[in-house]
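Engineer: To start, I am sharing the structure in question, which I have written as structure tokens.
The values are calculated or read from the model by the stated rules, or taken from the named source; none is laboratory data. The model shown is predicted, which means the values in this text are computed figures rather than measured ones. Glycine gets a Cβ as well: all are built from the backbone with ideal geometry, and neighbour counts include every protein chain shown.
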Amino acid sequence: MGALARSAEAWLSAPSVLAPTARPWPPIHLPRFAVEEKEQEERRRSALLLPRGAQRHGGGGSAIRTSVRSGETEGALSRFPHAGTPDFRALVGEAAWAALPPALQARFDAAAHRAPRVFPGAMDLTMNWAGWLIARACRLAGTPVAPWRGTAVPTQVLVRAEPGGGIRWQRTYAFPGRPAVTIASFKLAARDGSLLEVTQGGLGMRLVASVEDRALVFRTTGYVWRVGRWLLPIPDVLTPGRALVVHRDLGGGRFHFHLSFTHPLAGETIVNAGDFHDPPEEVGP
């Protein structure tokens, strides 16, 4: 009996194979969309829906965030390594570039992005039933499109070059009776010289640039999703549709911006269009 007790005591004192090891558990990271939803909820509870340090420009209570949260840009651009700042003049060619109005050239040449600039304007935002569903689903990918409809919605666009390469296009929509919505995307030159536009959630579009009827036009040739070192193509049926972006100069420091998506099954899903003004002065960093 004593031997049995000693055996039991020795078994209980021995290290258990089920006991936790001394190695700490790896940290738990929430999915990106969960973090973004939490951040969006916190911003909804604030008066401005903007982080501290944001600067105000223009009127109508709208705001442009010229400061960037730590790691925000790096997180988006790191998904697309070896990307640089696009050269729009080289993308369309010298002959096509020469056909653009000088004011439009000035908005897209290399010198235009040396300092941040804010373009004030207003946009009409329409979407069909499929566009409405797509806009909701896209909130899981960093909200790359405006989530609501609206007419003459005050909108401001911040354009700035990023230290790590690429150009930020950040749109702030001041929907009446709703919190402001800020959407950021980045135009990048890919390793093969082609043009990419990416969101902070990792969704990207391959674009081709052209000059048509004295307007600068961008069309998507496909969508990609960054997974590790790979850019995975996304079928058109799982996207908002092929995008068409048109910048047309109106003279007098004004221009028209048109963005639309056409889905192979649902037709024209989302359309954003409006007129903007050149900034009266450059915005400091």
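Engineer: Please go through the stretch 143-163 and give me each residue that is surrounded by fewer than 21 Cβ atoms within 10 Å (Cβ to Cβ), hydroxyl-bearing (Ser, Thr, Tyr) and under 15 Å from PRO176 (Cβ atoms), ordered by number.
Structural biologist: THR151
Engineer: Can you pull out the residues in the stretch 113-131 that are over 22 Å from VAL157 (Cβ atoms) and either touching a Pro at 6+ places or on another chain (Cβ under 9 Å) or at pLDDT 95 or above (or both)?
Structural biologist: First pass over the stretch 113-131, keeping only residues over 22 Å from VAL157 (Cβ atoms): 128-130.
If the condition is that a residue be over 22 Å from VAL157 (Cβ atoms) and either touching a Pro at 6+ places or on another chain (Cβ under 9 Å) or at pLDDT 95 or above (or both), then ALA130 is the only one that fits.
Engineer: Further question on the same structure: Taking the stretch 189-212 as the search range and keeping residues that are closer than 28 Å to ALA122 by Cβ and touching a Pro at 6+ places or on another chain (Cβ under 8 Å), which one is modelled with the highest pLDDT?
Structural biologist: LEU195
Engineer: Right, here's the next one. Would you mention how many residues in the stretch 237-261 are surrounded by 12 or more Cβ atoms within 10 Å (Cβ to Cβ) and within 19 Å of the chain's Cα centre (by Cα)?
Structural biologist: Selection size over the stretch 237-261: 14.
Engineer: Let me ask you something else. What do you reckon, is LEU250 assigned to a strand (DSSP E or B) and either under 24 Å from GLY166 (Cα atoms) or acidic (Asp, Glu) (or both)? Walk me through it before giving the result.
Structural biologist: On the way: assigned to a strand (DSSP E or B): yes; either under 24 Å from GLY166 (Cα atoms) or acidic (Asp, Glu) (or both): no.
In short, no.
Engineer: Now for a different question. Out of all the residues in the stretch 162-179, which are at pLDDT below 90 and in contact with a strand residue (DSSP E or B) (Cβ under 7 Å, 6 or more places away or on another chain)?
Structural biologist: Within the stretch 162-179, GLU162, GLY165, GLY166 meet the criteria.
Engineer: Got at least one residue in the stretch 186-197 being more than 11 Å from GLY84 (Cα to Cα), small (Gly, Ala, Ser), surrounded by fewer than 21 Cβ atoms within 10 Å (Cβ to Cβ) and without any contact (Cβ under 8 Å) to a residue 40 or more places away in the chain?
Structural biologist: Taking every residue of the stretch 186-197 in turn, none turns out to be more than 11 Å from GLY84 (Cα to Cα), small (Gly, Ala, Ser), surrounded by fewer than 21 Cβ atoms within 10 Å (Cβ to Cβ) and without any contact (Cβ under 8 Å) to a residue 40 or more places away in the chain.
Engineer: To continue, here is another question. Given the conditions (1) at pLDDT 85 or above; (2) more than 23 Å from VAL245 (Cβ to Cβ), and given that PHE33 satisfies all but one, which numbered condition is not satisfied?
Structural biologist: Going through (1) at pLDDT 85 or above; (2) more than 23 Å from VAL245 (Cβ to Cβ) one by one, PHE33 breaks only (1).
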